[in-house]
1. State to the nearest 20 debye the size of the charge dipole of the stretch 230-278 about its Cα centre, where the only charges are +1 on K and R beta carbons and -1 on D and E beta carbons.
2. Nearest 500 deg cm²/dmol is fine: what mean residue ellipticity at 222 nm does the chain get from its DSSP H runs of n ≥ 4 alone, each adding -39,500 (n - 2.57), divided by its residue count?
3. Counting only protein heavy atoms and a 1.4 Å probe, tell me what percentage of the chain's accessible area is made up of carbon and sulfur.
4. How do 307-317, 234-244 rank on mean C-beta neighbours within 10 Å, highest first?
5. Rolling a 1.4 Å sphere over the protein heavy atoms, what is the accessible area per residue of the chain, to the nearest Å²?
6. Find the percent of Cα-Cα distances in the chain that exceed 36 Å, and round it to a whole number.
7. Pop a pseudo-label 7 angstrom from the Cα along the beta-carbon direction at both Asp301 and Met328 and give the gap in nm to one decimal.
8. What residues qualify as long-range amide H neighbours of Ser267, i.e. H under 5 Å apart, gap of 5 or more or another chain, H built at 1.01 Å from N?
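The values are calculated or read from the model by the stated rules, or taken from the named source; none is laboratory data. Nothing here was measured: the structure is a model prediction, and the numbers come from that model. Cβ coordinates were reconstructed from backbone atoms using ideal geometry, including for glycine residues, and neighbour counts include every protein chain displayed. Heavy atoms of the whole protein, side chains included, go into the accessibility calculation; ligands, DNA and RNA do not. Shrake-Rupley method; radii C 1.70, N 1.55, O 1.52, S 1.80 Å.
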Amino acid sequence: MFAQKSRISLGLSTAIGLFLAQAGPVLAFDATGVPVADAFLKLLDSEEGDVESYGAVAENGGVITISDLVLKSDGDDDEKVTVATTTLSDGMVLDNGRLKLGGLQLDNLELVADDGGMTMATMSATDVVLPAPEEIKDGTPNVDPSYKTVEASTIQINDENGKIANIDKITSTIDSMDGDQPTSGRFAVTGIVIDVKQIQADEAKTLQELGYETLSMNVSGSGKWDPDAATINIPDLKIDGENAAALSLSVSLGGVTREVIEKLNTSSDNPDESMALMQNISVSNVKIRLDDASLTGRILDQEAKKAGIETPQYVAGLTGSLPLMLGMLQNKELEGQVAAAITQYLNDPGSLEISASPDSPVPFAQVMGAAMMAPQMIPQLLGVSIQANQ
């Protein structure tokens with residue numbers, strides 16, 4: 001429900017991927033003799049990566065500790081993951097081959113690759129159920145790892161030239177389940193600091209031109225799926241950039257049945273099938289809000305400088321051209337509302353909020369049909385409104 005490639009996400013996914021990789025038929029490690037530890041190592045040992053080595057394995061009162069774990073990629077000798085200490089608590093191998101853990105903790109994790117890598121002080125999870133190696137090997141649907149909570153702290157992301165980002169903490173909590181499917185949860189990524197000067201992408205160069213040497217932000221969100229009512233509510237998905245802007249999104253959808261979720265999971269590699277399933281989902285409410293914290297002013301100043309004029313003159317030119325640009329809406333009332341809100345915002349950047357609140361839920365199929373045949377009808381169909389500095 002709450003998932004979605006930047007270097008940061010690539011680094012994290014590579015590390016986690018090596019921990020939950022596809023189990024191969026031949027084990028590269030020597031069995032420890034401790035069933036829970038061996039089941040865990042078997043999951044890590046894969047066709048894409050091997051358990052190259054580990055240190056001591058100790059068991060004491062339901063707590064198993066594995067020291068100096070080293071995982072190595074099959075396809076790249078320079079790619080390696082090391083974990084100083086791995087702790088497995090209250091573990092058992094279930095009859096279906098899955099591994100159940102009351103707690104999983106990885107301390108001092110490091111991923112090294114030829115194009116960079118990452119370090120992580122701690123990653124911990126509670127109420128973990130890991131799929132059986134045979135399930136992953138066969139590609140059995142709906143066998144992703146499940147958990148109650150996950151927390152990772154003190155993360156550093158590197159490229160080949162050095163550090164590009166830090167993350168203080170990542171947390172994720174699943175509050176309720178419907179069988180194997182999560183029905184409510186929340187996540188937060190706090191203390192993200194990106195070194196803009198280290199990133200070579202064009203977007204980073206644009207940020208530097210706007211005066212940002214580093215970019216600090218937090219990301220958070222929550223959601224709830226009611227399978228009986230077939231609704232999904234995401235009350236607040238937020239990206240908050242310090243001295244830049246905060247972007248918030250809230251969404252309410254209908255028609256999200258158990259069957260739709262199950263089929264979407266199994267058709268994730270088939271965009272056409274996924275799109276067909278989306279036709280059954282309806283839009284009940286959508287709200288997008290931008291709260292400015294200097295980003296808008298920086299952009300206006302930069303564009304005015306490029307045009308060789310003062311910022312107020314540049315803003316006046318933009319707002320003066322709005323009626324012509326908004327004529328495509330073919331809705332005089334909405335045109336006036338949009339023009340007034342944007343004019344107010346550009347002259348005094350505070351907040352800008354766009355909402356869609358139809359009288360009754362509108363199926364995606366109807367929205368898509370309008371987009372192809374009469375796009376000017378979409379605002380009226382969805383009950384779109386806009387307001388500034390509210």
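1. 160
2. On the way: 12 runs with 113 residues, N = 390.
Estimated from H runs of four or more residues: -8500 deg cm²/dmol.
3. Values: 10850 of 20650 Å².
Carbon-and-sulfur percentage of accessible area, whole number: 53.
4. Highest mean packing first, the order is 234-244, 307-317.
5. For the chain, the per-residue accessible area is 53 Å².
6. Tail of P(r) above 36 Å: 39 percent of Cα pairs.
7. The answer from the label model is 3.1 nm.
8. none
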